[in-house]
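Visitor: Right, I'll just put the structure down here and ask away after.
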Amino acid sequence: MLKPVRNHSWDLEPRDAIALQTELAGQLVFAPPPAEIELVAGVDVSMRRGVARAAVVVMTMPELHEQERVCADAPIAYPYVPGLLTFREAPTILQALERLEHLPDLLMFDGQGYAHPRRMGLASHIGVLLDHPTVGCAKSRLCGTYKEPPRERGAYTHLYDGDEVIGAVVRTRTGVKPVFVSAGHRMTLDAAIELVLACGKGYRLPEPTRWAHRAAAQTGA
DNA sequence: GCGACAG
DNA sequence: ATCTTGTCGC
């Protein structure tokens, strides 16, 4: 249902991968997303025992009721290299997205978008390949400088690369670690911030992973 | 040369 | 991201 309008090899040496990112950056479209967003998709990938598993959950907006969920597995075929995360996760993500029966108006990723050394983080890259609106929502900083935002939910500060604003550090929940928001493709930073806050469940407090796994196992997840 | 470094 | 026990801090 959701397939790339263009494609390329993912088996690239860092040097070529970097060149591709720079080239694709020139195709980024910076524009407001659709005014009416009814379906939002959250995308993430787990790396377990040599297997990459991408999960996509489509939810209604603004109720955030689950509409659909799909997964895709694939052998891990690329190492983690700061700045090249896309080459490690994208192949599996694209496979999962093709299994979607519904067409989300927006895709949100656990990673950077424009806030990337070459302005081509995971969210932007996949957005360009799909030519679909995307937002990058990372748990930590890849590049750029910023001041800690006020502790209240909704507060944020800009993330800079020199004089350019490349993203924002957003407080989705009062007193909790902020997230790093940046525009993906066919998106603006302001819209991205607004959308992330609209998906108001917020950031989850860290909890012992072994307990989470245990709970997941009992639920059959 | 020494750090920093999405997940 | 994942592995993995005890331990430090509020």
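Nothing in this text is a laboratory measurement; each read-out follows from the coordinates by a stated rule. This one's a predicted model, so the numbers in the text were calculated from it and none came from an experiment. Neighbour counts are summed over all protein chains in view; Cβ atoms, including those assigned to glycine, are modelled from backbone coordinates with ideal geometry.
Visitor: Could you give every pair whose Cβ atoms fall below 6 Å, whose first residue belongs to region A:77-99 and is farther than 18 Å from A:A55 by Cα, and whose second residue is hydrophobic (A, V, I, L, M, F, W, C), counting only separations of at least 6 or pairs across chains?
Guide: What qualifies is A:Y78/A:F87; A:L84/A:A17.
Visitor: Taking region A:127-151, which residues are out of contact with any strand residue (DSSP E or B) (no Cβ under 6 Å at 6 or more places or on another chain), more than 16 Å from DNA strand C (Cβ to nearest atom) and of a type in the set (A, V, I, L, M, F, W, C)?
Guide: Within region A:127-151, A:V128, A:L129, A:L130, A:C143 meet the criteria.
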